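**Q** After the structure tokens below, expect a handful of questions from me.
The values are calculated or read from the model by the stated rules, or taken from the named source; none is laboratory data. Please read these numbers as outputs of a predicted model, since none were measured by experiment. Glycine also receives a Cβ, built like all others from the backbone with ideal geometry; neighbour counts cover every protein chain displayed.
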Amino acid sequence: MSLIDLEKAREAFAQATDGTVGLEEEFAILDPETLDLIPRFEQLSEQARESDLDLAASISSELILSEIEIRSGAGSDIGDALSRQREMRQRLFALAAGQNVELGSTGTHPWADYREQPNVQSDHYRRVVDGLQYVARRNNTFSLHVHVGIEDADRAVRVCDRLRALLPTLLALSANSIFFEGLDSGLASVRTQSFTKSFPRCGVPDAYGSWDSYHQYLELLLATGSIEEDTQVWWSVRPHLAFGTVEVRICDAQSTAAESDALIELIVACALQAARDDDEGRQVFEPPARLIEENLWRAIRWGAAGELIDLERGVCLPARAAFDQLLEWTAPVRSELGLEPTFPRLNGAERQAAAFAEGQSITDVYASTVAQTSQSFGGDQPISSTEGSAS
């Protein structure tokens, strides 16, 4: 039976307000001694219900019991959302410390065996696992999702269309998962390869152009029994039918709060600039998904250290030049909102790869990352990487 009300979804966008922001950050739950994944979500959730009801309302389960997600709720703007999220981060990390667990924040756990991770037994996740089997069970990954309120369903679909070609750039910037199943994967974002390239209806969507076109696509999936819930459409950018938002879900989880905040600021600016461009009738280059996928592979493989294809000109450029293009394009919106996202000289994947190349073990590299995450997300103020920064 369908759990999607498509007419109600249109109403959600009709009632949406441009620039509201919601944030979701996923963390690995770890044994403090071994840094192995441990299934302690229910314990953390129960303790939050007993001691901190605001935190309890802000945390959520994900697919496995050794993962916990923290949500800002609907912030009136980016400043409100970040303020909410920073407060809840500190409460969550304090709660975890009191329960003798660590929290990690990279796109994958470096050595966990997915076969040892129990799944959450909610109706939703049972449907996911029953439907996808191995594909779902193997998905032990962690990411950052950003929701931006966009009024009007047609407009929200067109904003998603405009953001499609930017997904590889955002992934390259956020790449933070080089280790998987005890090995150096040789990839900057093995999370994306494991999740985005395995799940159905995932990765770069088609350009739909209008709500009616997207509606027809969902109706076909429903009529053929392909999906029961709208959240079974896992595109890396999608209209979120319940919240009336455009949701960008391409990024790896970040190891520092400062990097997460910077990505959030950039993504919000991209969504709102896309909405403005649409309102002003500016032409947009809409390459086919197969060409955007070429850049997605480059972002998966080399991340910020590689090159991306300028699909309009048919030439390659350094990934960091593509970052600069995003900053230039979003300058009008960022100026109005006072957003100046600053990123470290090396992103998470580059820092981990450098440490591993210097002879540190996978365990040592991860231990260092977990310590930085605890200090950053759990501290009084988010800290930036020790590698210096550059716009």
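**Q** Asn295 versus (1) touching a residue at least 40 places away in the same chain (Cβ under 8 Å); (2) part of a loop (DSSP other than H, G, I, E, B): which is the lone unmet condition?
**A** Unmet condition: (2).
**Q** Can you give me the number of residues within the range 161-206 that are in contact (Cβ under 8 Å) with a residue 12 or more places away in the chain, surrounded by fewer than 21 Cβ atoms within 10 Å (Cβ to Cβ) and of a type in the set (Ser, Thr, Tyr)?
**A** Going through the range 161-206 one residue at a time, the tally reaches 1.
**Q** Still on this structure, I have one more. Could you please find all residues in the range 33-42 being surrounded by fewer than 17 Cβ atoms within 10 Å (Cβ to Cβ) and closer than 14 Å to Ala97 by Cα?
**A** Glu33
**Q** Filter the range 298-342 down to the residues that are assigned to a helix (DSSP H, G or I) and polar (S, T, N, Q), then identify the one that is surrounded by the most Cβ atoms within 10 Å (Cβ to Cβ).
**A** Only one residue fits best here, namely Gln325.
**Q** Same structure again: Is there a residue in the range 340-349 that is touching a residue at least 12 places away in the same chain (Cβ under 8 Å) and over 24 Å from Phe142 (Cβ atoms)? It would help to see each step written out before you state the result.
**A** Of the range 340-349, the ones touching a residue at least 12 places away in the same chain (Cβ under 8 Å) are 340-349.
Of the ones still in play, those that are also over 24 Å from Phe142 (Cβ atoms) are 340.
Yes, the range 340-349 contains a residue that is touching a residue at least 12 places away in the same chain (Cβ under 8 Å) and over 24 Å from Phe142 (Cβ atoms).
**Q** Give me the pairs, please: first residue somewhere in the range 216-238 and touching a residue at least 12 places away in the same chain (Cβ under 8 Å) and of a type in the set (A, V, I, L, M, F, W, C), second residue anywhere and crowded, with 16+ Cβ neighbours inside 10 Å and in a loop (DSSP other than H, G, I, E, B), beta-carbon distance under 6 Å, and either six or more positions apart or on two chains.
**A** Final answer for the pair search is Leu221/Ile227; Trp234/Phe199; Trp235/Pro205.
**Q** Okay, moving on. Just to be sure I understand the filter: pairs with C-beta atoms under 8 Å, separated by 6 or more residues or on different chains, first member in the range 97-111 and closer than 13 Å to Ser66 by Cβ, second member polar (S, T, N, Q) and assigned to a strand (DSSP E or B). Which pairs pass?
**A** Thr108/Thr141; Thr108/Ser177
**Q** Checking the conditions here, which among Arg84, Arg91, Arg71, Arg126 is surrounded by fewer than 18 Cβ atoms within 10 Å (Cβ to Cβ) and either of a type in the set (D, E, K, R) or closer than 19 Å to Ala371 by Cβ (or both)? Write out each step before concluding.
**A** On the way: Arg84 fails: surrounded by fewer than 18 Cβ atoms within 10 Å (Cβ to Cβ); Arg91 fails: surrounded by fewer than 18 Cβ atoms within 10 Å (Cβ to Cβ); Arg71 fails: surrounded by fewer than 18 Cβ atoms within 10 Å (Cβ to Cβ).
Testing whether each residue is surrounded by fewer than 18 Cβ atoms within 10 Å (Cβ to Cβ) and either of a type in the set (D, E, K, R) or closer than 19 Å to Ala371 by Cβ (or both) leaves just Arg126.
**Q** If I filter the range 253-292 down to residues being in a helix (DSSP H, G or I) and among the charged types (D, E, K, R), which single residue comes out as modelled with the lowest pLDDT?
**A** Our first condition is that a residue be in a helix (DSSP H, G or I); within the range 253-292, this holds for 257-279, 289-292.
Filter once more, keeping what is among the charged types (D, E, K, R): 259, 261, 265, 276-279, 290.
On the way: Glu259: 98, Asp261: 98, Glu265: 98, Arg276: 98, Asp277: 98, Asp278: 97, Asp279: 97, Arg290: 92.
In this case the residue turns out to be Arg290.
**Q** Checking Gly209 against (1) surrounded by fewer than 18 Cβ atoms within 10 Å (Cβ to Cβ); (2) small (Gly, Ala, Ser); (3) touching a residue at least 60 places away in the same chain (Cβ under 8 Å): exactly one of these is not met. Which one?
**A** All conditions pass for Gly209, except number (3).
**Q** Answer with yes or no whether Leu187 is part of a helix (DSSP H, G or I) and under 29 Å from Gly378 (Cα atoms).
**A** Working: part of a helix (DSSP H, G or I): no; under 29 Å from Gly378 (Cα atoms): yes.
Against the criterion (part of a helix (DSSP H, G or I) and under 29 Å from Gly378 (Cα atoms)), Leu187 does not qualify.
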